[in-house]
Amino acid sequence: MSHILVVEDESAIAELISINLRHAGFEVTIAGTAEQAQAAVNGELPDLIILDWMLPGQSGVALAKRWRGEARTRELPVIMLTARADEADKITGLDAGADDYLTKPFSTNELMARIRALLRRKAPEALDAAVEIGALKIDPSTRRVTRGDAEVKVGATEFRLLHFFMTHPERVHSRAQLLDRVWGDHVFIEERTVDVHVKRLREALSQVQCATMIETVRGAGYRLTQQPVAQALSA
């Protein structure tokens with residue numbers, strides 16, 4: 001399930017977009033100001049951002065420029081929404097870092113199509129890109145998991161599981177969701193299989209003192225967080 005952040009100060013428009021996104025199976029967070037949007041991004045990177053040009057306080061254009069200027073948010077897919085239809089305004093929005101541009105009023109069907117197209121376009125890059133959470137790094141192109149100079153040996157399933165966790169950090173994933181996203185929804189295996197592979201993954205990560213990054217959330221599932229590692233290193 002892809003997570004989309006909707007940054008829009010007009011509540012009616014934000015709710016309309018949100019309803020359509022949730023109906024299409026997306027997870028949605030709504031922010032009404034630039035400050036709320038930045039706080040949401042600081043907490044958890046979404047898979048795509050729908051960004052209104054005109055926001056109270058800092059503009060959407062300024063926000064897009066800020067995200068493009070920081071390593072953590074540089075590759076965030078952004079679709080900009082605006083009432084400004086002039087070519088010069090479109091160029092300004094795209095130059096600020098927006099990947100796509102849609103003028104109000106817009107068709108929700110067109111917005112959904114552009115979201116799907118942008119996520120497809122970004123997906124191959126995300127699959128091959130190295131990901132770092134805290135001190136841990138996973139590189140799909142070389143199939144290596146490392147912490148500093150130390151390499152962690154993991155099995156193929158544990159590698160896929162860790163990659164999913166690291167590309168969706170700080171989120172709680174149920175066993176059913178993990179089976180769907182890591183094993184595939186066409187595979188019929190018991191949910192407790194997830195527990196076995198999480199145990200193996202923790203055992204592998206314990207070699208580099210990173211086992212506590214994989215947290216069990218009682219009654220909900222698992223999540224990956226960098227906080228326990230920071231605590232362990234400072235202890």
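Derivation of every value follows stated rules applied to the coordinates shown; laboratory data play no part. For clarity, every value in this text was computed on a predicted model and none was experimentally measured. Cβ coordinates were reconstructed from backbone atoms using ideal geometry, including for glycine residues, and neighbour counts include every protein chain displayed.
If you count, for each residue, the other Cβ atoms within 10 Å and average over each peptide, how do 135-142, 157-164 line up from highest to lowest?
Going by the mean number of other Cβ atoms within 10 Å, highest first, we get 157-164, 135-142.
So what is the relative contact order of the chain, in percent, for Cα pairs below 8 Å that sit 6 or more residues apart?
Reported as a whole number, the value is 12 percent.
Taking the Cα-to-Cβ direction at R116 and at A150 and moving 7 Å from each Cα, how far apart do the two end points lie in nm?
Modelled inter-label distance: 4.6 nm.
Can you say what percent of the DSSP beta bridges in the chain, counting only those with both residues inside, are antiparallel? Round to 5.
45 percent
Just how many pairs of Lys in the chain have C-alpha atoms closer than 27 Å, counting pairs that are eight or more places apart or on different chains?
11
Helix by helix through the chain, keep the DSSP H runs that span 30 Å or more along the axis on Cα and average at least -1.0 on Kyte-Doolittle, and give those back in order.
The answer, listed by residue number, is 108-128.
Grab the beta carbon distance between Q209 and D139, set R0 = 22 Å, and tell me the FRET efficiency rounded to 0.05.
0.65
Given only helices, namely DSSP H runs of n ≥ 4 each adding -39500 (n - 2.57), what is the per-residue ellipticity at 222 nm of the chain, to the nearest 500 deg cm²/dmol?
Only helices count here, giving -13000 deg cm²/dmol.
Quick one: Karplus J couplings for segment 135-151, per residue in order, coefficients 6.51, -1.76, 1.60, θ = phi - 60°, nearest Hz, x for Gly and Pro?
Using θ = phi - 60°, the values come out as 8, 9, 10, 10, 10, x, 5, 10, 6, 10, 10, 9, 10, x, 8, 8, 9 Hz.
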